[in-house]
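First comes the structure, then the notes that go with it.
Rule-based calculations on the coordinates, nothing more; no lab input. Because the structure is predicted, anything quoted here is derived from the model rather than measured. Because the Cβ atoms are built from the backbone with ideal geometry, glycine has one as well, and the counts that use them run over all protein chains shown.
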Amino acid sequence: MRVRLTLIYSGIFLLTSVVLLVIVNTLLRQALHTRIARLPEPLPGGAPPGPAAPMERMPDTPSPLSALVRDVIHYQWDVSALAIGVLAVVSVVVGWVISGRVLRPLHRITATAQRLSLSTLHERIALSGPRDELKELADTFDAMLDRLERSVVGQRRFIANASHELRTPLAVQRTAIEVGLPEDVGEIRDTLLLHNHRIESLIDALLVLSHAEHGLERRSLVALDEVVQLVLAEVDRGDVTVTARLDWFVVPGDPILLNRLVTNLVDNAVRYNRPGGAVEVTLAGGVLTVRNTGPEVPAERLGDIFAPFRRLHTSRRQGAGLGLSIVASIATAHGAAVRARPNPGGGLEVAVTFPAG
């Protein structure tokens, strides 16, 4: 747009200048011819003209005054062409500067829009200056941010209240099941406790997913290799062999969310595995890779594994289908990219590529 505005400014300026110079030179030539035509022709010997002295001049010989007019007009056109060339350069420079000043508020609006996220909705453009179209655009954008910020704050408040309201009855229900039911109904008791624990896990997963999708409010330097070591020390491996090869890497982000990201990756790799299988965890060059030896993963299903409540297998005992969705949301909040691909012979490889620290 700046180039287009510069060309428009320069084109209008040059067109006006050319028209003006053409009109001035044309009028000047006519004025000179008119004035010279009123002057008496000088005689060849320099004698003053008289009534008895007829004007004798060869037909093909130009008048000295006409030659002078021609020279003056040619000189005027040469000077005009030079002036137009200089004005062309000046008009381009001036047009570029003026268009930059005109578009400066647009650059400010664009920079603010690119910088904003759900964690920086408090920022505003606050454009000052005359009440023109750009000021109206900036004020409209600020009003939209006000509405969006109120919506996000209300949603976060609702999530916090819903978390409290849902956790409390579930805790009471779990206590009643554990204490109130007699031992002779152990199968029913275990089933109720299993469903209670599953609902609590689902609520926790939904809250983590919502928190990750809202972005990061605060960032701190997190040693990702230490987070992976802590997760591997706490994970329930069962009969699955877990190996790790970790390089030192620091990520600016939320340590709790990063811990959840690694936990979900390792937990999924262990849970969706074959008996006596293996899990390999690698952290090198800012890329966290978790690879397992589970069942075959169809290539056409890879697009669904990061969607909420999508499972590669139909058994609900293996989870609610939010593990990799949470991984993708947490990775996006940290500016990381997630990809998945099936391993030859079965299993899945999930890689999270973090930006350079």
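If you add up the charges near Arg245, with Lys and Arg at +1 and Asp and Glu at -1, over every other residue whose beta carbon is less than 12 angstrom from its beta carbon, what do you get?
Once positives and negatives cancel, what remains is -2.
By the gyration tensor of its Cα atoms, with a ≥ b ≥ c the square roots of the eigenvalues, what is the shape of the stretch 82-129: rounded for a/c under 1.5, prolate for a/b over b/c, or oblate?
prolate
So, in nm, how far is label Thr110 from label Gln229 when the simple model puts each one 7 Å beyond its Cα toward the Cβ?
Once both label points are built, they end up 4.7 nm from each other.
Taking each pair of distinct Cα atoms in the stretch 115-157 once, what is the resulting Kirkwood hydrodynamic radius in Å?
For the stretch 115-157, the Kirkwood estimate is 11.2 Å.
Along Cα→Cβ, 7 Å out, is where each label goes; now give me the distance between the ones at Gln155 and Val90 in nm to one decimal.
5.6 nm
Could you compute the net charge surrounding Asn196? Neighbours are other residues with a C-beta less than 11 Å from the C-beta of Asn196; K and R count +1, D and E count -1.
Taking every Cβ under 11 Å from that of Asn196, the sum is 0.
Where q = 0.13, 0.27 Å⁻¹, what log10 of I(q)/I(0) comes from the Debye formula for the stretch 217-277, counting one point per Cα?
So the normalised log intensities work out to -0.37, -1.14.
Between Ala307 and His122, how many nm apart are label points set 7 Å from Cα along the C-beta direction?
About 3.8 nm, to one decimal.
Report the residues of the stretch 263-283 in range of a label on Arg245: point 7 Å along Cα→C-beta, backbone N strictly under 17 Å from it.
Only 278-283 pass the distance filter.
What full-extension length gain, to one decimal in nm, is calculated for Leu28 and Ile256 as 0.36 nm per residue of separation minus the Cα-Cα distance?
That pair, Leu28 and Ile256, stretches by 73.7 nm at full extension.
Calculate, in nm to one decimal, what Val19 and Ser163 gain on full extension: separation in residues at 0.36 nm each, minus their alpha carbon distance.
Gain on stretching Val19 to Ser163: 44.3 nm.
Sorting check: for 284-293, 333-342, which peptide has the highest mean count of neighbouring beta carbons within 10 Å, and how do the rest follow?
284-293, 333-342
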